[in-house]
There are 2 protein chains.
Amino acid sequence: MLDATLAALADPTRRAILSRLAEGEARVTEVARPFPISLNSVSKHVRMLERAKLVRRRIEGRDHFLSLDPAPLDEAADWIAAQKKLWAWRLGELEKVLAHG
Amino acid sequence: MLDATLAALADPTRRAILSRLAEGEARVTEVARPFPISLNSVSKHVRMLERAKLVRRRIEGRDHFLSLDPAPLDEAADWIAAQKKLWAWRLGELEKVLAHG
DNA sequence: AACATATTCACCTCTAGGGGTGAATATTCC
DNA sequence: GGAATATTCACCCCTAGAGGTGAATATGTT
């Protein structure tokens, strides 16, 4: 799922949508309002966020309420943290070699 | 730069290249060897990783040595960490409302 | 000079993403 | 029933990405 998560996060519009939802649940139209693009485009972004499981949808009549799901964010954070650790180790080793060489 | 970083990380081949480079500097051909795709494709992935500043290139004769640059990873980790904090706060508020409601 | 190796360049194909518009669907309101 | 609202569906266009092949370039080797 990392692929879909990171791809979803790679777009600034989608990151802005997530930031908006961090303030609280909202309908698609409310989410779309601040953006200069069409409602339709926002709807597609939302669909990608759902596919990445970063956003959940609760349908109530004609209103679709969107909310955040933090789980995939953890997975992404874990991968990045693991890489940072590995890289730091490697770069640390290199420094040791340079210092003792 | 977040866009390019997250987009670069969204591809599994590129993540594998980064993991390989975490073991140490390597030439393009060495990096490409384990992959079932053409050397050319790997070369293109490397170019994207360079564009995202996750990989640096040191040219020595006909050999191009690739190494990691951890800086953009920090930026990505920071953004995700900030979001996790925001989301946790929001979800916490919701729980309070539910508990006291 | 001739050959081999390392890498990229130039091109092709296919698919997916981001944007748009207009119509369809579902629901609510009068 | 009829109108307004909320959302998606079905298309269109354009660009970028991921894959490929074959040629060009540069360096190393004999």
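Each reported figure results from applying straightforward, stated rules to the coordinates on display, with no laboratory input. For clarity, every value in this text was computed on a predicted model and none was experimentally measured. Neighbour counts run over all protein chains shown; Cβ positions are idealised from the backbone, glycine included.
Taking region B:1-43 as the region of interest, how many residues are within 14 Å of chain A (Cβ to nearest Cβ) and either β-branched (V, I, T) or not in a helix (DSSP H, G or I) (or both)?
Of region B:1-43, the ones within 14 Å of chain A (Cβ to nearest Cβ) are B:1-26.
Among the residues that remain, those that are also either β-branched (V, I, T) or not in a helix (DSSP H, G or I) (or both) are: B:1, B:5, B:10-11, B:13, B:17, B:23-26.
Result for region B:1-43: 10.
If B:V46 meets every condition in (1) surrounded by 13 or more Cβ atoms within 10 Å (Cβ to Cβ); (2) within 14 Å of chain A (Cβ to nearest Cβ) apart from one, which number is that one?
(2)
Of the conditions (1) within 30 Å of A:E23 (Cβ to Cβ); (2) surrounded by 12 or more Cβ atoms within 10 Å (Cβ to Cβ), B:T29 fails just one. Which one is it?
Condition not satisfied by B:T29: (1).
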